[in-house]
Amino acid sequence: HRDGPLAALAGRPLDDPRVALLMDDVRRVIAAEASASAFDAILLDVDNGPTPISSRANISLYDDPGLRACLRALRPGGTLAVWSAFEDRPFAARMRAVGLETRVVETGARKRTEKDWKHWIFVGRRPR
């Protein structure tokens, strides 16, 4: 997004002075900020979402302690958005159980076959 072909398409987001790019393990960053209420938004597009089919290494992002860390890392009114290739009602329930005001957005995706693909975005807001 800085120099490649996506930069112009995305409106050069890394040139915005409000944007800070940090290259690190997202679990470590969230854990480090969990007591600081540091983020307006946490956007996770990792693996296949909360239902791991390619890697179980990131399951700690989506379990109860991981969701509580996300909640604490968000400022009041901040948003956690989690992309998923699968519908996952238990995950949405876990988000609600840790205190996030949660809704699930079902969205279309590019077709690779004759059937439509769908994606889900779990959106949780930290109460003010």
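Values computed for the structure shown
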| item | result |
| --- | --- |
| Residue in segment 57-73 that is over 10 Å from the mean Cα position of the chain (by Cα), crowded, with 16+ Cβ neighbours inside 10 Å and part of a loop (DSSP other than H, G, I, E, B) present | yes |
| Segment 87-127, residues that are in contact with a Lys or Arg (Cβ under 9 Å, 6 or more places away or on another chain), at pLDDT below 95, open to solvent by 50 Å² or more (accessible area, probe 1.4 Å) and in a loop (DSSP other than H, G, I, E, B) | E87, W117 |
| Matching residues, segment 34-56, being among the charged types (D, E, K, R) and open to solvent by 60 Å² or more (accessible area, probe 1.4 Å) | D40, D45, R56 |
| Residues (farther than 10 Å from C70 by Cα, open to solvent by 60 Å² or more (accessible area, probe 1.4 Å) and either touching a Ser or Thr at 6+ places or on another chain (Cβ under 8 Å) or not in a loop (DSSP other than H, G, I, E, B) (or both)) located in segment 2-33 | L6, A8, L9, D15, R28, A32 |
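The values are calculated or read from the model by the stated rules, or taken from the named source; none is laboratory data. All of these numbers come straight from a predicted model, not from anything done at the bench. For neighbour counting, all protein chains shown are included, and Cβ atoms are generated from backbone atoms with ideal geometry for every residue, glycine included. Accessible surface is based on the protein model in full, side chains and every heavy atom, while ligands, DNA and RNA are left aside. Shrake-Rupley method; radii C 1.70, N 1.55, O 1.52, S 1.80 Å.
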